[in-house]
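The values are calculated or read from the model by the stated rules, or taken from the named source; none is laboratory data. Just so it is clear, the structure is predicted and the values come from calculations on it, not from any experiment. Every residue, glycine as well, gets a Cβ built from its backbone with ideal geometry; the counts of neighbours run over all protein chains shown.
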Amino acid sequence: MRYCNFNGCHNKITSGYYCDEHKRSAKSARAKQKKRSIYHHENKPFYNSDEWKYMRSIIYQREHGYCQRCGRFVFGRQAHVHHIIEIKKDPTLKLEPNNLMLLCPKCHAEEENKDKNKKQNVFPSYFQ
């Protein structure tokens, strides 16, 4: 027997890491998984590739760090490189510099949702 790993909990357990009071429910785990699915899940290996990281830095340098829609300076994780023509529509353009644009998070959400109705929005409550 050992103590629950939850900070400050003194309940003893026989297996696992947390007592029944502090275990994550399966429902919340499924909700998290569903929430994660909006982020390019089928393209994840591509976004981790060296080719993409190099092209992303080229686009950032080309635009001098400024959002192409609103002109705001963005840095680090705030700098989103957006595919004008989506990868799933034409995979041959995924590394084409003329198909990529640098956007701030707000403009990126607006650009992603431009042609979608309310139910299909990507990042639906990002700025509300």
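Listed conditions (1) more than 27 Å from ASP115 (Cβ to Cβ); (2) at pLDDT below 85 are all met by SER15, apart from (2). Restricting attention to segment 86-103, the residues that are surrounded by fewer than 15 Cβ atoms within 10 Å (Cβ to Cβ) and not in a helix (DSSP H, G or I) add up to 4.
Restricting to segment 62-85, give me the number of residues that are touching a strand residue (DSSP E or B) at 6+ places or on another chain (Cβ under 7 Å), within 17 Å of PHE46 (Cβ to Cβ) and assigned to a loop (DSSP other than H, G, I, E, B). Count: 1. Taking segment 92-120 on its own, how many of its residues are within 19 Å of GLU42 (Cβ to Cβ) and at pLDDT below 90? Selection size over segment 92-120: 3. Consider segment 19-43 and keep the residues that are surrounded by 10 or more Cβ atoms within 10 Å (Cβ to Cβ) and at pLDDT 65 or above. The one that is farthest from MET101 (Cα to Cα) is CYS19.
So, of the residues in segment 48-72 that are free of Cβ contacts under 8 Å to residues at least 12 places away in the same chain and under 20 Å from the mean Cα position of the chain (by Cα), which turns out to be surrounded by the fewest Cβ atoms within 10 Å (Cβ to Cβ)? If we take residues in segment 48-72 being free of Cβ contacts under 8 Å to residues at least 12 places away in the same chain and under 20 Å from the mean Cα position of the chain (by Cα), then ASP50 is surrounded by the fewest Cβ atoms within 10 Å (Cβ to Cβ).
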